[in-house]
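Please treat every number below as a calculation from the coordinates, not as lab data. All values reported here derive from a predicted model rather than from experimental measurement. Here the Cβ is made from the backbone with ideal geometry for all residues, glycine too, and neighbour counts use every protein chain on show.
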Amino acid sequence: MGPGGGCWPLASTVLVAVATALVAGDEDCLWYVDANGSWHPGFDCDFFSFCCGTCHHRYCCHDPRRLLTERQQRHCLAF
């Protein structure tokens, strides 16, 4: 491996994150129950933003590392 060879894994990670953000844009936040047991209605995120957070706290953001897909949200409801 030559100089700078370690940059490729980082570059591919960034590419995957950007692609995920573009594909998941306009991802909705489903209803949820927070840690105190309070119910929160679902809401839509703007285009180029998506649902982020945890099972008990959700918000719209642009950071693909915080993405909470609708599939993951439904998994939260099951448990």
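Just a few scattered comments:
- Rounded to the nearest 20, the Cβ-based charge dipole of region 26-77 about its Cα centre (Lys and Arg +1, Asp and Glu -1) stands at 260 debye.
- Packing rank of 30-41, 58-69, where each peptide gets the mean count of other beta carbons within 10 Å, highest leading: 58-69, 30-41
- The coefficient of translational diffusion for region 26-77, derived via Stokes-Einstein from the alpha carbon Kirkwood radius under 10 °C and 1.306 mPa s, stands at 148 µm²/s.
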